[in-house]
Structures are given as structure tokens and as C-alpha cells.
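Quick notes on the structure that follows.
Computed from the coordinates by the stated procedures, all read-outs in this text should not be read as laboratory data. Worth saying up front: this structure is predicted, and the values here are computed from it rather than measured. Reconstructed Cβ throughout: ideal geometry from the backbone, glycine too, with neighbour counts over all protein chains shown.
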Amino acid sequence: MSSLIAMPRAAFLIYRLHIGMILGSRRSLAAIGLAAIPPLLAFLASNFAPDNQTENGIFLKLGTFVLIQFVVPMLSVALGVGVIADEAESRTITFPFTRPIPRMSLFLGRWLAALTAILVLIASSCILTALFVQVKDRGEPPTNEVVQSFLQAALLGGVVYSLGSAVVGVLLKRGLIFALGYVFAVEALLANVPGSSQSLTVQYHLRSMFIDKEAPIWKFLEEAELIKFLTPEEAMTKMAFTTAVLLVVGCVAVSRKQFVLAA
Amino acid sequence: MSAIIQAEGLGRWYGEVVGLGDLTVNIEPGITGLVGPNGAGKSTFMKVMVGELRPHRGTIRVLGYKPFASRGLYARLGFCPQQDALYEHQTGVAFVRDLLRLGGHSKKQATRDAEAAMERVGLTEAMNRRVSDYSKGMRQRTRLAQAIAHSPDLIIADEPLTGLDPIARRQIIELFQELAAEGKSVILSSHVLHEVENLTETIVLIHRGRLLAQGSVREVRQLISRHPSRVRVTARDPRKLASKLFDQPHVRAVALGADGESVQIETDNVAEFHVTFASVAKDASAGVRSLSSDDASLEAVFDYLVG
């Protein structure tokens, strides 16, 4: 069977197999717990927020600083870093690797399966957060456009972070530690340090996708952080390019790497 | 007949630990036992054979293919790894079926072949249970089922008899013999030597990542004919017998057994020893009760070779 046919076929079969594994794993329970944080906070904020907080304001803050800055990268790392690393750790990688399939199909199939779970959880989290923000007589609730732009940014973040984590899991033995270190040290800190160094982070690009520069609520961010955000189209293009590079690196790494498994 | 495995100067190490030193070996079709003590390099050699690892030095061809990530080879190879790992959420038959599907089988064909393979390894009744509920022996047989299900030309099995009860072991030995009769080649490793001896005459002895000996058990024994053999004699008066045996030119060492009734003799020439022993025993009047050779099994051959 030629690679052109064998690869998508094998990737699809592995995708189906891995989806079953994800649903039955403890890690997915942790991921569901993470995804539940923003809606839970939205509910709490709706009941206990100060009087000057509007529904829209609560959603934007939770969306920016909890969903996109914390939940999206953490959830993506939790489910993404094990795409290949879990199979190597459980020592089952021998089975697909001794089948007549392109090795990269294992990476693609398993990453797509993890990504499906990640995107479903992120989308649910974002939509439930918007629904749970309900403060009577405090301005307009978040509009569909606002929720939609957040959702797009969060989903794109899920794609990039999960793929990056999967690649790290292939390349490094302690991929989880490295990925978490990156999320906390670079994405959480650097993205909030005023200055152009922010543009090195994924967060900067995600924010560029949902920040409405004309809206007063975002003025404080541009002024406080002394940085010009990209247009949504520019941010999307850069993230798409990053995704493509990571995909190539992941596929090549899996095709060439030897996994030394303990007996 | 061309060799199914052609390895030349193979070297593979893990940091400073040598897995394979300088292994040169050709393996012919049929059943071959790869034997050696724990840490000898058997598993490393198998991992290199199936393309899980690349050699750091030397070359290897398996069925004519360079094994690392070779899709051509994997269509003709079945590998039963040593590690006790399966997809725990699946049933035994689903595990084998899904791996067959990865190999290009249609769903119908994969289901049929998976069921047949589970039947061959004696798991018909348990095949619809989750593998997480399987015993160690059943898990071992499931790994074997996935290795034979696609009817490969070559089956490589790393310690396939480990963890099996005697009946299952018998079944699996018969299965390997059936596969060989069907024209398949089987390479299996073990450090329990009599298991291999029950299955095949052809062995490859590995120690510290190097080839120590290769051939039939008999050929290997001839190879070590220059090495001392051990004989155990029980007698009414072993001290008297021992003192007479010391005088024999081909006897290298004599030791009294801890039971007080036996003598352990180490000889350079076991054939000559047997010729002269009767007259020595008669002279000693030690009341010889029995005589046995400690190197009657492959285990003893192996002990000699690895020192």
C-alpha cells in the first residue's frame, strides 16, 4: 500500500483507537476538572463580584486570564504531551511500530484524537462560561461576536499548545516537566511583562485575535503593557505557520526517533 | 539456503552500558533459540532485528531488509515483545484485530484472523474479555497471537515462554513447531535453556553482547570438548575413590560432595575418563553406586561457555 493511502488510513485507525484510550484515562478526568474552572468561576463571580463589574467585563477577564491564559495551555499540555510519550512509557509503542504503516501516522492519529478531546473541552468551557455570567442589571451580557472571537482564540490556542506539547513529548524524556515549565515561565510570565518580548509568546497572538482595540475595556491592556497587538488575520497566519512547523517537526521526530523501552 | 538474519559487527550500547558488543551472526530459516543469561544482549539483539533500535555500529539485514522503520519487513514479520504491555481498555480479540487492521486487513478479514490467532494460542473462551482482566500467561499468549495473526514469514519472540504454566508452555512449544512445519521461521529467546532445548536443536549463544557459540546443541558440545567436563559419582567410601582418582592424568580436580556420599570430578577428557574409571573404581573398592554427568544438558554447556 502506498504511503499516500496508508498514512491517512493508519492515522484514522489510530485516531479511533486513541479516542477510546483518552475517554478511559484518568488524565481526561483531570482535563474535565480543568475545563470546569472558568464556568465555575463565572458562576461565583456572578454572585460575589463587586457592583461595578458588568457581565461583559467578567466574561472578558475570565476568558483572558483564566480560560486562555491558564486553562487552554494546561489542558493542552495535560492531554497533548502524552500523545507519543504515553505509548512509549506504557511500552505499547512496539505494536504500532512493528506494523507496515508510516510511523508519522501514529503521531498524527494520536494527536488528532487528543486534539478532538481538547477542543471539545475548550469549546464547552468557553460557552458555559459565557452562559454562567449572569449579573442582573449590570449592563449587556457578552455578545455572540465577543464569545465567538474568544472561542476562536481558545481553540487555536488548543491546537498550538497541544501540538507543541506532543512534539516536546516526543523529543524529551521529561516532556511534561518541560511543557509545564514553558507554560508557567514563558506563557504566563513573559506574556504579562510589559514590552515587545510578549510577541514571543503564543498568548500575545491569541490576545491579538480577540482584543477589540477600540473597546475601552481593552485600552488598559495596551496602555499597561506598552505593546501593539496584531490584527486577528496576522495572528492567525503566524499561528498557522507555527502549527505547520510543529507538525513537520513532530512527524519527522517520530519517524526517526528510537524509543528505548525497559523490559 | 540464504540466511534470514545477517548481522555483522553489530554494536549497540546504552550510555556506557554495552547491549551488543561486536556481534556477527547469520541465522538460517527454521526455529532458532537465542540463549544467554540475563543481560547478555538477547533483547537488544531482538530489538535491533525488529527495527525498534538502530545499531550504533555494524550492519543487519532481516529477510533482506534493513529493519529500522521498514514497512516491507513489517509486512512479513511478527514480533512478540518481552514487556508485559497491552492496550488495557481492549478485549484480547479487539487488540489483535486492530493491529491487523493497521497492517492493511479489512475489518472482516482482521476479525476472522484475530479470532483464529486467539484460538491458536488457546484463548478462544477468553478472547472477548478485557486484557486488563487477563492473567500474566494469558497476556503473554495475547502478545503471541498478535505476532502470528497476519501469518508472517518470520516470528521473533522475546522470552515467549516466561510466565506460562506447564500446559500453556507445552501448547506454545507445539504452536512454534506447527509454525515451523508450515515453513515459517521462528527466533525465540530464553534464559531457561531446557525450554529452548525442547523446541529446537539450533541455538545461538550470546554473552556480553557477543556471539559465544552457534549451531546444534551437539555441535556446541563438540566445540567445548576441550573444556573440562564434570562427573558426579556416589559411592560407599567416596574418600577412598577420590584418592585413587587424583592419580589419573586426565582428572583435573576432585571434590568430596557435601552429602558425604559423592565425589565431583572435573576431567579434561571425559571419554578417557569413562574408559579408565571402571578399573580405578575396582582398585579402590569404594562401592560405587552411581555415575552421572553434570553436563548432560544445555544448561551445563552454557555454564562452561560463559565461565
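For segment B:84-126, the Cα-based Rg and Dmax, in that order, read 10.0, 28 Å.
Averaging the Cα positions of each part gives two centres, and for segment B:100-178 and segment B:1-21 these lie 28 Å apart. Charge tally for B:SER290 (other residues, Cβ to Cβ under 12 Å; Lys, Arg +1; Asp, Glu -1): +2. The GluC sites (Glu not before Pro) of segment B:1-104 that DSSP puts in a loop, and whose beta carbon has at most 13 other beta carbons within 10 Å, are B:GLU16.
Between 0 and 90 degrees, the angle of helix A:26-35 with respect to the longest Cα principal axis of chain A falls at about 20 degrees. Positive end of the dipole of chain A (Cβ unit charges, origin at the Cα centre): among A:LEU180, A:GLN258, A:THR231, the Cα lying farthest that way belongs to A:GLN258.
For segment B:254-289, backbone nitrogen atoms closer than 11 Å to the point 7 Å from B:ARG236 Cα along Cα-to-C-beta are found at B:285-289.
For the protein assembly as shown, adding -39500 (n - 2.57) for each run of n ≥ 4 DSSP H residues and dividing by the number of residues yields -16000 deg cm²/dmol at 222 nm.
Cross-link partners for A:LYS173 among the lysines, with Cα-Cα distance under 17 Å and sequence neighbours closer than 8 places in the same chain left out: A:LYS257.
Taking A:PRO102, A:PRO141, A:PRO50 in turn, the Gaussian network model of chain A (Cα-Cα springs below 10 Å) assigns the largest fluctuation to A:PRO50.
Dimensions of the protein assembly as shown from C-alpha coordinates, computed as largest minus smallest value along each principal axis and given longest first, are 118, 48, 42 Å. Using Cα pairs closer than 8 Å and at least 6 residues apart in sequence, work out the relative contact order for chain A, in percent. Relative contact order of chain A: 26 percent. Per-residue mean of foreign Cβ neighbours for A:196-207 is 0 (Cβ atoms of other chains, 10 Å radius). Just checking the listed ones, A:ALA185, A:ALA42, A:ALA11: in the Gaussian network model of chain A with Cα springs under 10 Å, the one fluctuating most is A:ALA185.
For segment A:73-146, the pair-distance distribution built from all alpha carbon pairs, in bins 5 Å wide starting at 0, is 3, 13, 17, 15, 12, 10, 8, 7, 6, 5, 3, 1, 1 percent.
Taking other C-beta atoms within 10 angstrom as a stand-in for reagent exposure, B:LEU205, B:LEU241 fall in the order B:LEU205, B:LEU241, fewest first. Computing Rg and the Kirkwood Rh from the Cα coordinates of segment A:3-256 gives a ratio, Rg/Rh, of 1.01.
Can you tell me the 0 to 90 degree angle between the C-alpha axis of helix A:3-23 and the longest principal axis of chain A, rounded to 10? Long axis of A:3-23 versus the principal axis of chain A: about 60 degrees.
Diffusion of chain B by Stokes-Einstein, at 4 °C in a medium of 1.567 mPa s and with Rh set to the Kirkwood radius over alpha-carbon pairs, works out to 60 µm²/s. As a ratio to 2.2 N^0.38 Å, the alpha-carbon radius of gyration computed for segment B:146-192 takes the value 1.11. Between A:SER90 and B:LYS107, the distance separating the two model label sites (each 7 Å from Cα on the Cα→Cβ line) works out to 2.3 nm. Given springs between every Cα pair under 10 Å in a Gaussian network model of chain B, which of B:GLY30, B:GLY183, B:GLY51 has the largest fluctuation? It is B:GLY183.
Let me know the longest stretch in chain A that avoids all trypsin sites (Lys or Arg not before Pro) found in a DSSP loop with at most 10 other C-beta atoms within 10 Å. So the longest stretch without any such site is A:1-135.
Quick one: helix A:104-132 against the long Cα principal axis of chain A, what's the angle to the nearest 10°, folded into 0 to 90? That works out to roughly 20 degrees.
Note on A:THR231 and B:ALA278: the model spin-label points, each 7 Å out from Cα along the C-beta direction, lie 10.8 nm apart. Straight-line reach from B:LYS42: which aspartates and glutamates have a Cα under 16 Å away, not including same-chain ones fewer than 8 places off? Straight-line reach from B:LYS42, under 16 Å: B:GLU8, B:ASP22, B:GLU52, B:ASP158, B:GLU159, B:GLU195. Just how many % of Cα pairs in segment B:145-291 lie over 23 Å apart, if you round to the nearest whole percent? Tail of P(r) above 23 Å: 55 percent of Cα pairs.
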